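Worksheet: one structure, shown below.
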Amino acid sequence: MNLGTEKRIYDLGEGGMHLVHLLGGKGAGLAEMRRMGLPVPAGFTITTAECTRYLKHGRLDEGLVNEVREAMGRLEAATGKSFGRGPRPLLVSVRSGAPVSMPGMMDTVLNVGLNEETMEAMVALTGDRRFALDSMRRLMQMFGTTVLGIPKEEFDRATLRVARNNGPGSADMMDLDTLDGLVREFGEVYRNHGLEFPQDPYRQLFMSIEAVFRSWNSDRARAYREINGIDDGMGTAVNVVEMVFGNMGEDSATGVVFTRDPNTGEKRLSGEYLVNAQGEDVVAGIRTPENVYGMERRMPGAFRDLVEACDRLERHYRDMMDIEFTVERGRLYLLQTRVGKRAPRAHLRITLDMLKEGLISVEEAVMRVEPEHIEGIMHPRVEDGQDGSVICSGLAASPGVATGEIVFSSDRAIELSKQGRRLILVRPETTADDVRGMAASAGFLTQKGGMTSHAAVVARAMGKPAVVGAEEIEVDHIGGVLRARGLTLREGDVVTVDGTTGRAYIGEVRVTEVAERDDIDEFLRVCDSVSRLQVWANANTPEEVALAKRNGAKGIGLARTERMFLGNDRIGVVRAMIMSRDSEERRLYLDRLLPMQVSDFTEFFRTMEGMPVIIRLLDPPLHEFLPEKEEILERLSGPADGESAAELKKMLETVRDLEEFNPMLGFRGCRLGIIHREIYEMQVRAIARAALRVRSEGIEPNVEIMVPLVGHENEMKELREIIMKTFSSEDPEGRIRYKIGTMIEVPRACLVADRIAEFADFFSFGTNDLTQMTFGYSRDDAEGKFIRQYIERGILRHDPFTSIDLDGVGRLMKIGVELGRKTKRDLEIGICGEHGGDPESIEFCHTIGLDYVSASPRRIPVARLAAARAAIRSAMGSRES
Ligand code: PEP
Ligand code: MG
């Protein structure tokens, strides 16, 4: 690049938004407005490239100095004013403006060009000495602090000193003599530092330009860039613009306006203005600004122009805008415009309205809303500024906020919830045994466990907030103590968990509101209209199925039948079944479970009204349904009510029998179904009966039966036969059409997917286990033990249990899809691991051609958005290539 011939300065009329990288957001916005013929003062922008050059050499180079002088000449000609001279002195503002918004991070100097001579000329011109003095003291203070680095407090103290000797408080209430005294006092402040306020206007100008360039590297600007991931090499542009004055009396003002309400999204102006004031006064909070609609009465002409400008800018940018303006003697000037920041719920309203107004297309509407917006709208979160109450930080496992009293055991949670208490279940980790206690609590906090740990998965399914794997806390559930950041908390102490950010707080804290549900539904219908990938739900109870449907699920992608085994009325029977001596005794208990499962499945098929329902046959190792060994031993050591020691001993024996070194790689899933086929037979029978029952009520159920943990085609072959045989024993006439499919969650299954597909009507990727087995990371321990450190060290880019690891797990999935469809072209394929609710993973699922993603009911809205965005992105990608 030849820096010598590069254009260094753009007059405002020359640029536009396409040059934002060179002109910065402010400069490009001003240029754009000027091109549109809106009332913008004249001026020019020095490019960001000059900032980089200045910072490299530490001085303004000769060429730039000359070009600035030339640009000032053009500005003088355009305005009919003279820089540094009367009778019409030209004053300018010198303002920063980076390509990416960094609000308030860099410097600005106003009223540059004012000195003793031009001040008198301003007095003569305006007849208003007060205004001229006020402008002067503002320049001296801003120049002193920003350009010369004199501490602001020294100017504040000087103001107080003068005010104290001469009556009223702040500068804008001072009389003429006092203001005059203040200007002299400010001169003293300079001299105390061995400095002089420069009278030469060009010296003022160049020093201000340098100060703005330098402010790119101020500590706060650097910190802001670091936090927000903004490139340090970008640099800031400098805008030199003719000053217009909002402090010229009662017909002058300065203000800020949003073209729509940034909190609600309502289509009306929202903003504030101050009469007889200059730029920084509105934000400085010295005087209380008035509502912008007050202008309608006080300065109707300017207000009309403002309304029109807002309308034009919105239509031009096709977005809600944030505009800074000044009214000088009744005439409106626009000083800045940018896309306005807004609350997530306002963002949704605005997007929908703009779509209806025809301002944006469906694709634009969908791409403007980020998954975080939906999260922010669907779930309340803790408001900012309450960090002092944080007691720990862990994994944000299930979104939402819940406040309640701490309780350390599930039994206690069940007991206290009956008294109507709101509870937070705090555990080292949860197990299948805690499900009832979890149902009785409002939220969860665990010391251990990852994003696919029991607590996380159950919390998401139940739609309750959870913070898991907060390793910094210590949970002594036996002693009933939670230790966190120096605090010792006990049962009954109130805490708040924010499952959206992963933080827990002491006591109750302020939370944000949730938006109108109607808006979300309307927006998600727009999303569905462009998606290819369907969104189904993981749901295990009739309540979860109902919620899934309410959130727009088009099917149930995973019903984990083991969760149904844990109900109060059945866990006893399940345990007896597990402890049975032989399959004959086992069948006896299974017969008692049968009607219960029939009623569960009936409810599922009824609620889903003909949409697909995938019921997965039993998956976890059987010991998970029994109490832990230590607990049985403890019960055995004391007198146990209603429990015979013989019974406990039998249970202990069974637990010992079932003990395995690696239970997650052990006797579970289809292995269990093959060895104890009576369990699966009972479940298939229940599915068939439920389907027949619902059919007799006039609903054609869409039944899919899923086998977990298949790794070898022969497993599938054998189970397919068992399932078909059992089903037809219930439905000999074949009235119910159903599919038999498999989870693909063992790496080998991906590699032999073509063979497995011979015996499967559908595949569903179980990416929780697939990730666990592909990496060899325990899904219950890895996140707490080392994954966070791996991410910090850059070994892993992200947690593979949250977002699919595309290089490894993703590759296996791709192989699985290709091989599966090689055998059966139309093979239905989905995903039901927790990744099915993760936007990044959803995009990948779209790319490899899955038919649906199945997510926990609360994540369905985000998943619907992600599916739509994936479709649009891939259409854009294929158009580009
Ligand atoms: C999986 O492994 O991804 C899955 C959905 O099954 P589960 O989490 O029940 O093991
Ligand atoms: Mg699994």
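Taking a label point 7 Å from the Cα of ALA546 along the Cα→Cβ vector, which residues of segment 402-430 have an amide N closer than 16 Å to it? Of the residues in segment 402-430, none has backbone N under 16 Å from the label point off ALA546. Semi-axis lengths, largest first, of the ellipsoid equivalent to segment 551-662 are 32, 15, 13 Å, with √(5λ) applied to each eigenvalue of the Cα gyration tensor.
Past the 25 Å Cα-Cα mark, which pairs from LYS650/LYS725; LYS26/LYS56; LYS717/LYS824; LYS56/LYS81; LYS717/LYS739?
Details: LYS650/LYS725 34 Å; LYS26/LYS56 23 Å; LYS717/LYS824 16 Å; LYS56/LYS81 35 Å; LYS717/LYS739 14 Å.
From the list (LYS650/LYS725; LYS26/LYS56; LYS717/LYS824; LYS56/LYS81; LYS717/LYS739), the Cα-Cα distance tops 25 Å for LYS650/LYS725; LYS56/LYS81.
Between ALA875 and LYS152, the FRET efficiency from the beta-carbon distance, with R0 = 56 Å, is close to 0.60. Using Cβ point charges alone (K and R +1, D and E -1), the dipole size of segment 645-726 about the Cα centre works out to roughly 220 debye. Counting every Cα pair in segment 301-353, what percent are over 16 Å apart? Summing the P(r) tail past 16 Å for segment 301-353 gives 46 percent.
Quick check on the chain: helices-only [θ] at 222 nm, where DSSP H runs of length 4 and up contribute -39,500 (n - 2.57) each and the sum goes over total residues. Nearest 500, please. So the calculated ellipticity at 222 nm is -13500 deg cm²/dmol. Multiplying the residue separation of ASP128 and LEU55 by 0.36 nm and subtracting their alpha-carbon distance yields 22.2 nm. Considering all alpha-carbon pairs of segment 18-58, what whole percent are spaced by more than 13 angstrom? So the portion of pairs separated by more than 13 Å is 54 percent.
Say the dipole of the chain comes from +1 at the beta carbon of Lys and Arg and -1 at that of Asp and Glu; which of THR602, LEU110, VAL94 then lies farthest toward its positive end? Checked the options; the winner is THR602.
To the nearest 0.05, what FRET efficiency results for ARG315 and VAL100 with a Förster distance of 35 Å applied to their C-beta separation?
0.90
Three principal axis extents of segment 509-597 based on alpha-carbon atoms, in descending order, are 56, 41, 18 Å. Let a ≥ b ≥ c be the square roots of the eigenvalues of the Cα gyration tensor of segment 401-514; is it rounded (a/c under 1.5), or, if not, prolate (a/b larger than b/c) or oblate? Here segment 401-514 falls in the rounded category.
Here the simple spin-label model places points 7 Å from the Cα toward Cβ, and for ASP826 and GLU631 these points are separated by 4.8 nm. A straight chain from GLU697 to ASP731 at 0.36 nm per residue would run longer than the Cα-Cα distance by 10.6 nm.
Cross-link reach is defined here as a Cα-Cα straight distance under 26 Å, omitting same-chain residues fewer than 8 places apart; for LYS785 the lysines meeting it are LYS448, LYS464, LYS629. Between segment 183-233 and segment 744-811, the C-alpha centres lie 53 angstrom from each other.
Computed from the C-beta positions of GLU372 and GLU818, the FRET efficiency with R₀ = 25 Å rounds to 0.15.
Among the protein heavy atoms of the chain, carbon and sulfur supply 48% of the accessible surface, probe 1.4 Å, non-protein parts ignored. Computed over the Cα atoms of segment 227-363, pair by distinct pair, the Kirkwood hydrodynamic radius stands at 16.0 angstrom. The angle between the Cα long axis of helix 219-228 and the longest principal axis of the Cα atoms of the chain comes to about 30 degrees, rounded to the nearest 10. Taking the charge dipole of segment 650-724 about its Cα centre, with +1 at Lys and Arg Cβ atoms and -1 at Asp and Glu Cβ atoms, the residue from ILE675, VAL710, ALA690 reaching farthest to the positive side is ALA690. For the chain, the longest principal axis of the C-alpha atoms and the axis of helix 517-528 are separated by about 80°.
Ligands, DNA and RNA are left out, and with a 1.4 angstrom probe the accessible area of the chain is 41 Å² per residue. Taking only alpha carbon atoms, the chain gives an Rg to Rh ratio of 1.09, where Rh is the Kirkwood radius. In the chain, the DSSP beta bridges split such that about 60 percent are antiparallel, to the nearest 5.
Evaluated with a Cβ-only charge set (Lys, Arg +1; Asp, Glu -1), the chain carries a dipole of roughly 1140 debye about its Cα centre, given to the nearest 20. Computed over segment 593-653, the P(r) tail beyond 18 angstrom holds 57 percent of alpha carbon pairs.
Between the helical axis of 677-696 and the longest alpha-carbon principal axis of the chain there is an angle of about 70 degrees. Stokes-Einstein, applied to the Kirkwood radius of segment 19-107 over Cα pairs at a viscosity of 1.567 mPa s and 4 °C, places its translational diffusion at 90 µm² s⁻¹.
The values are calculated or read from the model by the stated rules, or taken from the named source; none is laboratory data. Everything numeric here is computed off the predicted structure, so don't read it as measured data. Note that we place each Cβ from the backbone using ideal geometry, even for glycine, and neighbour counts take in every protein chain shown. Calculation scope for accessible area: heavy atoms of the full protein, side chains included, ligands and nucleic acids excluded. Shrake-Rupley method; radii C 1.70, N 1.55, O 1.52, S 1.80 Å.
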